[in-house]
Amino acid sequence: MNPRWWLVPFTLIVALMLVMMPLPEGTEPFRPDWVTLVVLYWAIAVPQRFGLTIAWFSGLLVDVAQGALLGQHALGIVLVCAIAIHEHQRLRVCPVAQQAIIITALLLVKQALMLWISGMVGRAPDNIWLYFASPLMTLIFWPVVFALLRDLRRRYQMA
Amino acid sequence: MQPLFQQGTGPSARVAFFIVLSISLMVWDQRAQHLEAVRGFLTGAIAPLQYAVNVPAELLGWTSQRVMSRGDLIGEVNELQRENLRLRARQQKFETLQSENDRLRELLDSSSKRDERVLVAELLSVDLDPYRQQVVLNHGTRDGVYRGQPVIDAYGVMGQIIHTGPFTATALLISDPNHALPVQINRNGLRTIASGTGEPDSLELLYIPNNADVRVGDFVVTSGLGGRFPPNYPVATVVHVERRPGQPFARVIAEPKAQLDRSREVLLVWPDNGEPAAAEQDAGRAAGADDTGESAGSASGTRQETPR
């Protein structure tokens, strides 16, 4: 058991709070998908310690926090997390900019899945194009998340 | 170190397991209500986070209250005193009318209506899905809040509770595209349905024939037909009527009375909808929670806003 076990839950809780944090009117669609970003970082950095179970539970909490269908974000996060764990060795050696592009692509796929599910239950948003603004913010925020979590991980010497 | 050979279930089997789990959860959540308990439990788990996220907004409000100038405060107190006087005057008239109404009802031998109970709740500054119109309130099942409960503000109907946790509850606003509210035009009793459009300042009144008597400025109140909202609460004012000869129904747009995107404080209502057992139970629970000094009079006061 790693003595720094609290680091992953702690970062996930902070991410969940960022998801609920009120933003100024009009900027909500541009909020990055913090929880998925943090999940993806841990999936790439410590795949042997970070599994689908934690990813799924974080997704479930996002569902509750957002008032979405139970399981909607959980499904999306588990899917992108599984891909990231499968490809973690390739992703790890990429430069951060390239990682950002790949992660953005993953999140675009996830957002499309979310849109599809919302549409099936009759909750599709009016402005579909704005819906994809959030994954595109990953291009800017992935390097930030990456640098921050890498420093944390090194400071607390987690795996 | 990562083991060279995978043990136990393979990764693809686990992914498949979680996919199936998520999909069955979604189907279950969409089709049945059993998962509300699970959602309630998880809502209770994240409630501390919601309150923590709310702290900066709370602090901001507190600070701005502290640094308010004396002149502003005096002005506000004067304004409130005038408002109080006005409301008291109206309340006197209302009480006379109420007793007269009770007497007439007794003469008619019809069941007299009890007043609704209310509880003041505050909105938490917590963001939800930006594509749906929802708000989080700072009261939950511990205060007797239940699913489907009406939420109003000082000006009109705001929405209804859709999810409850122990300490918080989520309300769907009437402006959400998935929300429909049975209403009637106050002037002539024409019944219709007010459906949200996704914009906080417009509702659409559905199924109004082209030749129906609807005018701009008409006042729309709840009809109480759905059994969920008490009747005669103000909902909206008609702002646009478009009669379309080629279509079976006219397009009628109304503006909500409630300040859907501005209110910080709302009222939770325990309606008296003629179901003795349920009402009794709700009232009992409400009475326990009703320590905010709110009496039934406030609900009636709001109802009194309805112009005759």
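The values are calculated or read from the model by the stated rules, or taken from the named source; none is laboratory data. These numbers come from a predicted model, not from an experiment. Glycine gets a Cβ as well: all are built from the backbone with ideal geometry, and neighbour counts include every protein chain shown. Remember, those area values only see protein heavy atoms, side chains included, never the ligands or the DNA or RNA. Shrake-Rupley method; radii C 1.70, N 1.55, O 1.52, S 1.80 Å.
Counting only the Cα atoms, segment A:33-155 fills a convex hull of 97 Å³ per residue.
Local charge sum around B:Val135 (other residues, Cβ-Cβ under 13 Å, Lys/Arg +1, Asp/Glu -1)? Once positives and negatives cancel, what remains is -4.
Here the extension length gained between B:Gln92 and B:Leu107 equals 3.1 nm, from 0.36 nm per residue of separation less the Cα-Cα distance. Across the options B:Thr164, B:Ser64, A:Pro32, the greatest Cα extent toward the positive end of the charge dipole of the protein assembly as shown (unit charges at beta carbon of Lys, Arg, Asp, Glu) belongs to A:Pro32.
Buried accessible surface for the A/B pair, both sides summed and rounded to the nearest 100, is 3400 Å² with a 1.4 Å probe. Each Lys or Arg adds one and each Asp or Glu subtracts one; over the other residues with Cβ under 11 Å from the Cβ of A:Asp63, this totals -1.
Summing Lys and Arg as +1 and Asp and Glu as -1 over all other residues whose Cβ lies under 13 Å from the Cβ of B:Pro177 gives a net charge of -3. With springs only between Cα atoms under 10 Å apart, run a GNM on chain A and tell me which of A:Gln72, A:Gln111, A:Gln89 wobbles the most. The residue that fluctuates most here is A:Gln89. Computed from Cα positions, the angle between helix A:72-86 and the longest principal axis of chain A comes to roughly 40 degrees. Helix A:34-45 and the longest principal axis of the C-alpha atoms of chain A enclose an angle of approximately 30°. Taken per residue, the accessible surface of the protein assembly as shown reaches 52 Å², heavy atoms only and a 1.4 Å probe.
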